[in-house]
Amino acid sequence: MHHFHYTDGILHAESVSIPTIAEAVGTPFYCYSTATFTRHVEVLSQAFDGSDHLICYAVKANSNQAVLKTMAALGTGMDVVSEGELRRARAAGVPPNKIIFAGVGKTRDEMAYAINEDILGFNVESAAELNALSEVASGLGKTARIAIRVNPDVDAKTHAKISTGKSENKFGVPYSQALALYDEAANLPGIDVTGIHMHIGSQITELEPFRLAFARMREFYQELRTRGHNISHLDIGGGLGVPYRGTNDIPPHPDEYAKVVRDTLGDLGLKFVMEPGRMIAANAGILVSSVIYTKPTENKHFTIIDAAMNDLIRPTLYDAHHDVWPVIERPKSADRVVQDLVGPVCESGDYLGQNQPLPLLEPDELIAFMSAGAYGAVMASTYNTRLLIPEVLVNGDQFAVVRPRTTYDELISLDKIPPWFT
Ligand code: LLP
């Protein structure tokens, strides 16, 4: 559920009309809804009510400081994958004892930074990383708490580029090697083994892959116990999918997901850490764009808009679908034209929608790409020397620009002219 809706035929984010924001900041822009973020955190939290748990929001999904502050105010921890994300989480006021650090390529500098911050824990992804972490921690005279990310070799049945739990993926330690690595970790200086971690992929729309992975986690935990390891938490990752096509593809509700977690792991008496990103942020954001031109050709009807693949890369990178809502509502009976929504970038892959049956859109008309709050702004680039676009956060009847549009001067001045030109 989200808080973008038509009031008197005009699309609103909570109580703020989208044309009002467009007038203030120009297009394209991202618009987020505080009430939607809040609701998603609450729904997930309620689903795990009664079980000891910590929601560590996956910062990578949407790392705007205002979004992180919104999460922090709701009491969530954070899952970070770089020193940059850790700094963002800390800047937003998240206490270090609610931050976990994941990723296959943490550098020694990043490890040292995180150890000095005394974060809750590291999710370790290889023997080499474990040894580096031990050296860095003991060199600092400190201890790093760890979970090892175990790759359960489970098919998450999602897009190949966002599947992480199969043996051919770079993530985690193969199930067959993980026990030995736990034994090794227990004997390393500067390392305190506290948890087990699994994350099998993103935009998972079925419960079965979770059930299989958690069943393997259970087996694995029991094996660790018999070997004398003292595990206090299970990090069950993120990955729960969201509806990208209105009501046509409803993924499991967090209650059903929590039931699978409880059914498979609930009796172990351990704390659950989870790392949701998309399910909290995706439907809390939209990308608003203006139509520049329409271009009917023999084969296609192109609607050329001012947002492009550099602003929202998901359609071209993952074949992702984002519903398009005209900002001024059209009658349900309006004639529909099958169209491609394309941006100004010089690539055929520059589309935000393909073969979408939509009302005929007119130049200067505003449209909204729905469910763009996760992996939208964070994946934007300045390709074609296009400016990073504004992000706006709505809260009830207020809105604030939480990232202004960059300027051409700012962008160009990042480049430096070598001395031989002067
Ligand atoms: N934990 C780990 C270790 C992860 O790698 C990820 C996402 C998450 C948690 C959060 O997963 P979520 O709950 O958001 O599914 N850019 C892609 C998605 C990449 C996901 C990367 N890892 C997209 O736009 O679909």
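Here's the yes/no breakdown for (1) within 16 Å of the ligand (Cβ to nearest atom); (2) free of Cβ contacts under 8 Å to residues at least 24 places away in the same chain; (3) over 24 Å from A58 (Cα atoms):
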| position | (1), (2), (3) |
| --- | --- |
| D267 | no, yes, yes |
| K271 | no, no, no |
| A282 | yes, no, no |
| L287 | yes, no, no |
| S290 | no, no, yes |
| Y293 | no, no, yes |
| T303 | no, no, yes |
| P315 | yes, no, no |
| H322 | yes, no, no |
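Within segment 341-364, does at least one residue satisfy the condition of being within 16 Å of the ligand (Cβ to nearest atom), more than 17 Å from P296 (Cβ to Cβ), touching a Gly at 6+ places or on another chain (Cβ under 8 Å) and touching a residue at least 60 places away in the same chain (Cβ under 8 Å)? Yes, because at least one residue in segment 341-364 is within 16 Å of the ligand (Cβ to nearest atom), more than 17 Å from P296 (Cβ to Cβ), touching a Gly at 6+ places or on another chain (Cβ under 8 Å) and touching a residue at least 60 places away in the same chain (Cβ under 8 Å).
Scanning for something touching a Pro at 6+ places or on another chain (Cβ under 7 Å), surrounded by 15 or more Cβ atoms within 10 Å (Cβ to Cβ) and of a type in the set (A, V, I, L, M, F, W, C), does segment 68-89 turn up at least one residue? No, there is no match, as no residue in segment 68-89 is touching a Pro at 6+ places or on another chain (Cβ under 7 Å), surrounded by 15 or more Cβ atoms within 10 Å (Cβ to Cβ) and of a type in the set (A, V, I, L, M, F, W, C).
Set side by side, the residues L120, L44 differ, and just one is within 17 Å of the chain's Cα centre (by Cα), within 16 Å of the ligand (Cβ to nearest atom) and either on the phi < 0 side of the Ramachandran plot or modelled with pLDDT under 95 (or both), which is L44.
For segment 123-165, a residue qualifies if it is within 13 Å of the ligand (Cβ to nearest atom), of a type in the set (V, I, T) and in a helix (DSSP H, G or I), and exactly one does: I162. Scanning segment 305-332 for residues that are within 14 Å of G9 (Cβ to Cβ) and either assigned to a loop (DSSP other than H, G, I, E, B) or polar (S, T, N, Q) (or both) returns V327, E329, R330, P331, K332. Looking at segment 166-178, is at least one residue out of contact with any Ser or Thr (no Cβ under 8 Å at 6 or more places or on another chain), assigned to a helix (DSSP H, G or I), of a type in the set (A, V, I, L, M, F, W, C) and in the same structural domain as E129 (by TED's automatic domain parsing)? Within segment 166-178, one or more residues are out of contact with any Ser or Thr (no Cβ under 8 Å at 6 or more places or on another chain), assigned to a helix (DSSP H, G or I), of a type in the set (A, V, I, L, M, F, W, C) and in the same structural domain as E129 (by TED's automatic domain parsing). Checked against (1) more than 14 Å from the ligand (Cβ to nearest atom); (2) crowded, with 19+ Cβ neighbours inside 10 Å, G26 passes all but a single condition, namely (2). Among the residues of segment 90-102, those that are within 14 Å of the ligand (Cβ to nearest atom) and either over 14 Å from the mean Cα position of the chain (by Cα) or not assigned by TED's automatic domain parsing to the domain that holds G165 (or both) comprise I99, I100, F101.
If the condition is being in contact (Cβ under 8 Å) with a residue 60 or more places away in the chain, outside any helix (DSSP H, G or I) and either surrounded by fewer than 18 Cβ atoms within 10 Å (Cβ to Cβ) or of a type in the set (A, V, I, L, M, F, W, C) (or both), then segment 29-53 contributes F29, C31, F48, S51, D52. Of all the residues in segment 253-270, those that are surrounded by 15 or more Cβ atoms within 10 Å (Cβ to Cβ) and outside any helix (DSSP H, G or I) number 1.
Screening E208, E223, E275 for residues that are in contact with a Lys or Arg (Cβ under 9 Å, 6 or more places away or on another chain) and not polar (S, T, N, Q) leaves exactly one candidate, E208. When I115 is tested against (1) closer than 18 Å to G139 by Cβ; (2) within 16 Å of the ligand (Cβ to nearest atom); (3) aliphatic (A, V, I, L, M), just one condition goes unmet, and that condition is (2).
Out of all the residues in segment 296-307, is one or more more than 19 Å from T247 (Cβ to Cβ), surrounded by fewer than 17 Cβ atoms within 10 Å (Cβ to Cβ), touching a Ser or Thr at 6+ places or on another chain (Cβ under 6 Å) and not polar (S, T, N, Q)? No - not one qualifying residue is present in segment 296-307. Taken over segment 187-217, the criterion of being outside any loop (DSSP other than H, G, I, E, B), hydrophobic (A, V, I, L, M, F, W, C) and within 16 Å of the ligand (Cβ to nearest atom) is satisfied by I196, I204, F210, A213, F214, M217.
Of all the residues that make up segment 338-387, how many are in contact with a helix residue (DSSP H, G or I) (Cβ under 9 Å, 6 or more places away or on another chain), closer than 12 Å to I304 by Cβ and part of a loop (DSSP other than H, G, I, E, B)? So the count comes out to 1. Only one of the listed residues (N283, N299) is out of contact with any strand residue (DSSP E or B) (no Cβ under 8 Å at 6 or more places or on another chain) and assigned to a helix (DSSP H, G or I). That residue is N283.
The values are calculated or read from the model by the stated rules, or taken from the named source; none is laboratory data. Everything numeric here is computed off the predicted structure, so don't read it as measured data. Positions of Cβ are backbone-derived with ideal geometry, glycine not excepted, and every protein chain shown enters the neighbour counts.
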